[in-house]
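Here's the structure we're looking at; comments come further down.
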């Protein structure tokens, strides 16, 4: 029983990291109708940014004026802001030029820019192609040894819940959030009622980039090791989660992320010899979903426009 | 596209002419070693980038050191040159590196590889070119075989050879009976799993309660480790490489498996392992290293000093001495055989080399018969030979020791 419970916690934790990036995919898809395929690599850029920041004198300086927990949060915030700005830059350089053209073009340009980011880390970070130990910024003690719950698990899950709630509040309760929704539903109509759709898109990329940054931090804290090319698989899992949950839907991203994570964890845990096939099982499920429920768990049925 | 293919055909033709000329030349003077003042090249192949780069770069440095010493000795009638090629732990990259090596008519021998799948990809290339390959670090048992003999020889013990002393130590000396096995899905991991199961099957009273295969590049091992925790094993055997091995140890501790011993194959025996896992988590991890500790090797001290003096920044790692000995075996064979490839291949297989590792000779399939091994344990953030450790003296206790 306790084993089952701890496997469920493992799955929720893994699912949390998938959910965040899936929501990132959905945000961009919602307002722009494009898939930003570099999301996974952008997330790993945040992890490496934090790694670089930790190597500077910033943390000791912060620690001298703030409690350690607060200064750790500040570090993560700065790391996530870096990716938020990176995302804005990417919008300007590789997405905006293709506005109004075939959606295949930004798809390709974001895949390409993801590879550029990945290789730049590999080349310019000292020994960038080797795995790097990620500093333990989250407390490491265990809460319950028999259930195998550690503080890290709890913080990763709580951080995800907090971010999702914050995002939900922002999108549904603030003026700019509502205008983002309006733009994502119908850009022409939003323009006609005088909304600044350009600003809405910029804000979306800023928020999405920030979210990806935090997700990169969480995934790095979760595995405790980062490598320059981790983003490609992470991005693929996140995109699959977004599609399974329903691309464009926030809670769909969570549902999709959790579903993939549960399948991976339970195939590993309960099928003899299953650990080698956990990834296979997860992606197999994605294929089944695309075949039989292409709109995803929470996605709306797409009606072909005539 | 068309221009490209024309160009490559020309290149190919050029290469063929070169190899023909080289072949003719050596046939005429097979008996007398060629000793003109020319340059002879030896290729080094290994992972110089990628997640195993620390193994490859250390071995490359040791290899270069051996060649430099041979050149400086003044006993050679020709100048040796190292061609170092990156295989990036990737069979495709390795194969094109091997093509590059055999395409150069001055390359007479190759010393290569830390990853068995990469060696599998390059062996046919060296075989068809008739160039001897001395493997320094890849330990998949099938690499040295009657099929690949006499072109492929290996100075490192295979996994089977490597697992035997480790199993004897863990089972008899440490008394661990109930095992969980974690290995990766590569050839390396799979043959480790098989070898370990085999060793356990030979010792009555031991059992394997779980076998898990992980994917290289996987980052989450908690589901596997949660399961293992529930099975109350005496120890975990890890048959993979540094990155996954480090994550397994860290995540195991997080799940409260601090008191479960981790025993690993030489793939994790590297300073990078401790760095990545953190010295606290890595404390008490046991791994085997083929051969002895450098400080205990005949000539080990001189090697260590020469290495430091040569100014290499990266540590030579577990396999540096192997690459060093492999280089010296090739150099000695070159002295005897000259630049005739056939004679060179034969001279290598018949080598009896007193080097760092002791006396290396090759058996009927080109596998080294020298299988001395050292058990190491992580103590205060360093790999320490078991016999010199505080664990052996009883000052500290291993995880799960009764």
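For segment A:55-91, name all the residues that are loosely packed, with under 12 Cβ neighbours inside 10 Å and under 30 Å from residue A:110 (Cα atoms).
A:55
Residue under question is residue B:341, and the condition is that it be farther than 25 Å from residue B:302 by Cα and at pLDDT below 90; does it hold? Quick ask: steps written out before the conclusion?
Working: farther than 25 Å from residue B:302 by Cα: yes; at pLDDT below 90: yes.
Considered against the rule, which asks whether it is farther than 25 Å from residue B:302 by Cα and at pLDDT below 90, residue B:341 comes out as yes.
Could you list, in sequence order, the residues of segment A:118-153 that are part of a strand (DSSP E or B), more than 16 Å from residue B:51 (Cα to Cα) and within 8 Å of chain B (Cβ to nearest Cβ)?
Here is the first cut: in segment A:118-153, the residues part of a strand (DSSP E or B) are A:132-133, A:142-144, A:149-150.
Imposing the further condition that a residue be more than 16 Å from residue B:51 (Cα to Cα) reduces the set to A:142-144, A:149-150.
Matches in segment A:118-153: A:142, A:150.
Condition first: at pLDDT below 90, in a strand (DSSP E or B), farther than 24 Å from residue B:146 by Cα and out of contact with any helix residue (DSSP H, G or I) (no Cβ under 8 Å at 6 or more places or on another chain). Can you find one or more residues in segment B:288-304 that meet it?
For segment B:288-304, residues at pLDDT below 90, in a strand (DSSP E or B), farther than 24 Å from residue B:146 by Cα and out of contact with any helix residue (DSSP H, G or I) (no Cβ under 8 Å at 6 or more places or on another chain): absent.
If we only count helices (runs of 4 or more DSSP H) wholly inside segment B:179-278, which ones have 2 or more residues that are within 13 Å of chain A (Cβ to nearest Cβ) and farther than 30 Å from residue A:138 by Cβ? First the steps, then the outcome.
On the way: elements: B:187-202, B:222-230, B:242-254, B:271-277.
Filter on segment B:179-278 gives B:187-202.
Does segment B:81-91 contain any residue that is without any contact (Cβ under 8 Å) to a residue 24 or more places away in the chain and either in contact with a strand residue (DSSP E or B) (Cβ under 7 Å, 6 or more places away or on another chain) or within 14 Å of chain A (Cβ to nearest Cβ) (or both)? Before the answer, list the steps.
First, the residues of segment B:81-91 that are without any contact (Cβ under 8 Å) to a residue 24 or more places away in the chain: none.
No: segment B:81-91 contains no residue that is without any contact (Cβ under 8 Å) to a residue 24 or more places away in the chain and either in contact with a strand residue (DSSP E or B) (Cβ under 7 Å, 6 or more places away or on another chain) or within 14 Å of chain A (Cβ to nearest Cβ) (or both).
Kindly indicate the residue of segment A:230-254 that is within 27 Å of residue B:51 (Cα to Cα) and surrounded by 22 or more Cβ atoms within 10 Å (Cβ to Cβ) and also farthest from the other protein chains (Cβ to nearest Cβ) among those meeting that condition.
Residues of segment A:230-254 that are within 27 Å of residue B:51 (Cα to Cα), as a first pass: A:230-240.
Add one more test, that the residue is surrounded by 22 or more Cβ atoms within 10 Å (Cβ to Cβ), and what stays is A:230-231, A:234-235, A:237-240.
Working: A:230: 7, A:231: 12, A:234: 9, A:235: 14, A:237: 11, A:238: 14, A:239: 17, A:240: 16 Å.
The residue in question is A:239.
Residues to consider are A:164, A:171; find the one that is closer than 28 Å to residue B:225 by Cβ, touching a residue at least 60 places away in the same chain (Cβ under 8 Å) and more than 14 Å from chain B (Cβ to nearest Cβ).
Numbers: A:171 fails: closer than 28 Å to residue B:225 by Cβ.
Selected residue: A:164, the only one of A:164, A:171 that is closer than 28 Å to residue B:225 by Cβ, touching a residue at least 60 places away in the same chain (Cβ under 8 Å) and more than 14 Å from chain B (Cβ to nearest Cβ).
Given (1) in a helix (DSSP H, G or I); (2) more than 14 Å from chain B (Cβ to nearest Cβ); (3) surrounded by fewer than 22 Cβ atoms within 10 Å (Cβ to Cβ); (4) touching a helix residue (DSSP H, G or I) at 6+ places or on another chain (Cβ under 8 Å), where does residue A:208 come up short, assuming only one miss?
(3)
Go through segment B:380-401 residue by residue and tally those that are over 24 Å from the mean Cα position of the chain (by Cα) and not in a loop (DSSP other than H, G, I, E, B). Please lay out each step first, then the result.
Just the residues of segment B:380-401 that are over 24 Å from the mean Cα position of the chain (by Cα), to begin with: B:380, B:388-401.
Within this subset, residues satisfying the condition of being not in a loop (DSSP other than H, G, I, E, B) are B:388.
Within segment B:380-401, residues that are over 24 Å from the mean Cα position of the chain (by Cα) and not in a loop (DSSP other than H, G, I, E, B) number 1.
Going through B:197, B:229 one at a time, which residue ends up being surrounded by fewer than 24 Cβ atoms within 10 Å (Cβ to Cβ), under 25 Å from residue A:152 (Cβ atoms) and either at pLDDT 90 or above or under 22 Å from the mean Cα position of the chain (by Cα) (or both)?
Details: B:197 fails: under 25 Å from residue A:152 (Cβ atoms).
None of the others qualify; the one that does is B:229.
Among the residues of segment B:339-379, which ones are out of contact with any helix residue (DSSP H, G or I) (no Cβ under 8 Å at 6 or more places or on another chain) and in a loop (DSSP other than H, G, I, E, B)?
Hits for segment B:339-379 are B:350, B:363, B:364, B:365, B:369, B:370, B:372.
Residues that are surrounded by 24 or more Cβ atoms within 10 Å (Cβ to Cβ), assigned to a helix (DSSP H, G or I) and under 17 Å from the mean Cα position of the chain (by Cα): does segment B:148-161 have at least one?
There is at least one residue in segment B:148-161 that is surrounded by 24 or more Cβ atoms within 10 Å (Cβ to Cβ), assigned to a helix (DSSP H, G or I) and under 17 Å from the mean Cα position of the chain (by Cα).
Pull up segment A:271-301, narrow it to residues that are without any contact (Cβ under 8 Å) to a residue 12 or more places away in the chain, within 14 Å of another protein chain (Cβ to nearest Cβ) and part of a helix (DSSP H, G or I), then point me to the one that is nearest to residue B:224 (Cα to Cα). Please lay out each step first, then the result.
Step one: of segment A:271-301, the residues without any contact (Cβ under 8 Å) to a residue 12 or more places away in the chain are A:271-277, A:280, A:284, A:287-288, A:291-294, A:301.
Checking the rest, the ones that are also within 14 Å of another protein chain (Cβ to nearest Cβ) come to A:271-277, A:280.
Okay, now just the ones that are also part of a helix (DSSP H, G or I), so A:274-277, A:280.
Working: A:274: 10, A:275: 7, A:276: 11, A:277: 13, A:280: 16 Å.
Ranking the candidates gives A:275 first.
Please enumerate the residues belonging to segment A:255-269 that are within 10 Å of chain B (Cβ to nearest Cβ) and touching a residue at least 12 places away in the same chain (Cβ under 8 Å). I'd like the intermediate steps shown before the answer.
Taking segment A:255-269 as the starting set, the residues that turn out to be within 10 Å of chain B (Cβ to nearest Cβ) are A:261, A:264-269.
Within segment A:255-269, A:261, A:264, A:265, A:266, A:267, A:269 meet the criteria.
Give the residue, chosen from A:266, A:228, A:217, that is closer than 24 Å to residue B:248 by Cβ and part of a loop (DSSP other than H, G, I, E, B).
Numbers: A:266 fails: part of a loop (DSSP other than H, G, I, E, B); A:217 fails: part of a loop (DSSP other than H, G, I, E, B).
Result: A:228 is the single residue among A:266, A:228, A:217 that is closer than 24 Å to residue B:248 by Cβ and part of a loop (DSSP other than H, G, I, E, B).
Go through B:264, B:284, B:300 for me and flag whichever is closer than 25 Å to residue B:162 by Cβ and within 17 Å of the chain's Cα centre (by Cα). Don't jump to the end; show me each part of the working.
Details: B:284 fails: within 17 Å of the chain's Cα centre (by Cα); B:300 fails: within 17 Å of the chain's Cα centre (by Cα).
Residue meeting the stated conditions: B:264.
The values are calculated or read from the model by the stated rules, or taken from the named source; none is laboratory data. Worth saying up front: this structure is predicted, and the values here are computed from it rather than measured. Don't worry about glycine lacking a Cβ; one is built from the backbone with ideal geometry, like all the others, and counts go over all protein chains shown.
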